[in-house]
Ligand SMILES: C[S@@+](CC[C@H](N)C(=O)[O-])C[C@H]1O[C@@H](n2cnc3c(N)ncnc32)[C@H](O)[C@@H]1O
């Protein structure tokens, strides 16, 4: 029988290759079709193949005599899965080749098994000489799309190699402890009792990092809202907002509500959460319901306040802007396939527009925290610089912190192996007239 796991992995990747969607959309579907005992393997193959896509793709292109047709992308994806298994997993080589050849039968193309067999065996024969043969292929060396590697090297001459390296590591599972139920040391004690090894995060007072990932239902009190899954870097947003009881707070790009919940956990404030995508609002409601917290949730375009704003100014605004997500590649490796250089220009325009359009809704004396999970200056400090140049009543507030590093505008965190994701923050204060 054809091997369904590897072919299902290939189909999930094919969707991403066709730019039909992200892994977040295609992997769950593949998982529902897989046998329960195969699901972990399927996820590992899909994530791993995307993580090493730039490298595996250059190897496949080198080994193929002629490129496959667009309609055979499933077979190409299966080839990449096979190359991933041979180069990064511990499966004995003959078993990995055999399983991929079997899987190719599921494609219904009579020629596919022989092609997969030929390419994978060629890889095993040429493995040692590939680095030399591909010496002029930057995607092979750096395992990132060339445009991104060049941009990072330009933006961060001293850090880009460390960023690339951290992007290829598996991220730890990090939790945020809901202080309405437990202090962080109390929750650490609950984890220890449940035999879940964990330690307090370095920078977030609410953060706990697990030694090994687990299912959320294994976490004490997850269903009751005692804890949420959230990386340490986004947990730092409330440390910059200086929240005071009773304040009106706008969470401008809110879904799935990670930060909305956090704001409400630590302060008695009135939160208005605005989110553009109706399909993402469900998760925002689910998160608030699990945490037993409430906010006014509005499905609208935050860049058009005239369509949703009641005219009462907000004392605090969190603008967690849509971005390239280049700081969270290790959690979303499909970004390597999906993002393009042109996207960055488009996103930067959107980010600036959001900032400019939301500014009038901020009360004089109020604070706006601008955040992204990007490590590109174009989406971060350059947005703040452009905004400040044109907005006379906006001042930058220096961020005094022991995390990340200061830039001319705001503070940048880079992804750290065994630590937080890449992230960026800037704090703006509105002057009194
Ligand atoms: C970085 S995510 C926000 C993550 C969220 N703050 C959290 O902590 O869970 C950015 C969100 O902005 C939404 N978005 C994009 N453009 C928007 C717009 N014009 N108005 C409101 N939301 C928008 C996206 O759909 C996405 O859910």
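Against the conditions (1) over 24 Å from the mean Cα position of the chain (by Cα); (2) under 22 Å from residue 65 (Cα atoms), where does residue 93 fall short? Just the number, please.
(2)
Could you check, for the stretch 123-144, whether at least one of its residues is over 30 Å from the mean Cα position of the chain (by Cα), buried (at least 20 other Cβ atoms within 10 Å of the Cβ) and assigned to a helix (DSSP H, G or I)?
yes
Consider the stretch 52-75. How many of its residues are touching a residue at least 60 places away in the same chain (Cβ under 8 Å) and over 12 Å from residue 6 (Cβ atoms)? Before the answer, list the steps.
Initial filter on the stretch 52-75 (touching a residue at least 60 places away in the same chain (Cβ under 8 Å)): 52-55, 57-59, 62-63, 74-75.
Of the ones still in play, those that are also over 12 Å from residue 6 (Cβ atoms) are 52-55, 57-59, 62-63.
Residues in the stretch 52-75 being touching a residue at least 60 places away in the same chain (Cβ under 8 Å) and over 12 Å from residue 6 (Cβ atoms): 9 in total.
Tell me which residues, restricted to the stretch 321-353, are within 10 Å of the ligand (Cβ to nearest atom), farther than 30 Å from residue 9 by Cα and surrounded by fewer than 22 Cβ atoms within 10 Å (Cβ to Cβ).
350, 353
Does the stretch 61-92 hold any residues that are under 16 Å from residue 107 (Cβ atoms), in contact with a helix residue (DSSP H, G or I) (Cβ under 6 Å, 6 or more places away or on another chain) and surrounded by fewer than 21 Cβ atoms within 10 Å (Cβ to Cβ), and which are they?
Within the stretch 61-92, 68, 73 qualify.
Go through the stretch 273-283 and report how many residues are near the ligand (Cβ under 8 Å from one of its atoms) and either in a helix (DSSP H, G or I) or farther than 23 Å from residue 372 by Cβ (or both). Break it down stepwise before answering.
Step one: list which residues in the stretch 273-283 are near the ligand (Cβ under 8 Å from one of its atoms), which gives 274-277, 280.
In the following step, the residues that additionally are either in a helix (DSSP H, G or I) or farther than 23 Å from residue 372 by Cβ (or both) were identified as 280.
The qualifying residues number 1.
Can you tell me how many residues within the stretch 308-318 are under 22 Å from the mean Cα position of the chain (by Cα) and more than 9 Å from the ligand (Cβ to nearest atom)?
From the stretch 308-318, those under 22 Å from the mean Cα position of the chain (by Cα) are 318; that's our starting set.
Still in the running and more than 9 Å from the ligand (Cβ to nearest atom): none.
The total comes to 0.
Quick one: residue 197 ticks every box in (1) surrounded by fewer than 21 Cβ atoms within 10 Å (Cβ to Cβ); (2) closer than 30 Å to residue 57 by Cβ except a single one, so which number is it?
Evaluating residue 197 over (1) surrounded by fewer than 21 Cβ atoms within 10 Å (Cβ to Cβ); (2) closer than 30 Å to residue 57 by Cβ leaves (2) as the failure.
Being within 9 Å of the ligand (Cβ to nearest atom) and in a loop (DSSP other than H, G, I, E, B) is the filter; apply it to the stretch 293-307 and report the residue that is nearest to residue 320 (Cα to Cα).
Ranking the candidates gives 302 first.
Could you tell me which numbered condition residue 22 fails, if it satisfies all but one of (1) farther than 22 Å from residue 169 by Cβ; (2) surrounded by fewer than 21 Cβ atoms within 10 Å (Cβ to Cβ)?
For residue 22, the exception is condition (1).
Here's the yes/no breakdown for (1) surrounded by fewer than 22 Cβ atoms within 10 Å (Cβ to Cβ); (2) free of Cβ contacts under 8 Å to residues at least 24 places away in the same chain; (3) more than 12 Å from the ligand (Cβ to nearest atom); (4) part of a helix (DSSP H, G or I):
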{"residue": "237", "(1), (2), (3), (4)": "yes, no, no, yes"}
{"residue": "250", "(1), (2), (3), (4)": "no, no, no, no"}
{"residue": "256", "(1), (2), (3), (4)": "yes, no, no, no"}
{"residue": "260", "(1), (2), (3), (4)": "no, no, no, yes"}
{"residue": "265", "(1), (2), (3), (4)": "yes, no, yes, yes"}
{"residue": "271", "(1), (2), (3), (4)": "no, no, no, no"}
{"residue": "287", "(1), (2), (3), (4)": "yes, no, no, yes"}
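No value in this document is a laboratory result; all are computed from the given coordinates. Owing to the predicted nature of the structure, the values given are computational and were not obtained by experimental measurement. With ideal geometry, Cβ positions are generated from the backbone for all residues, glycine too; neighbour counts draw on all protein chains shown.
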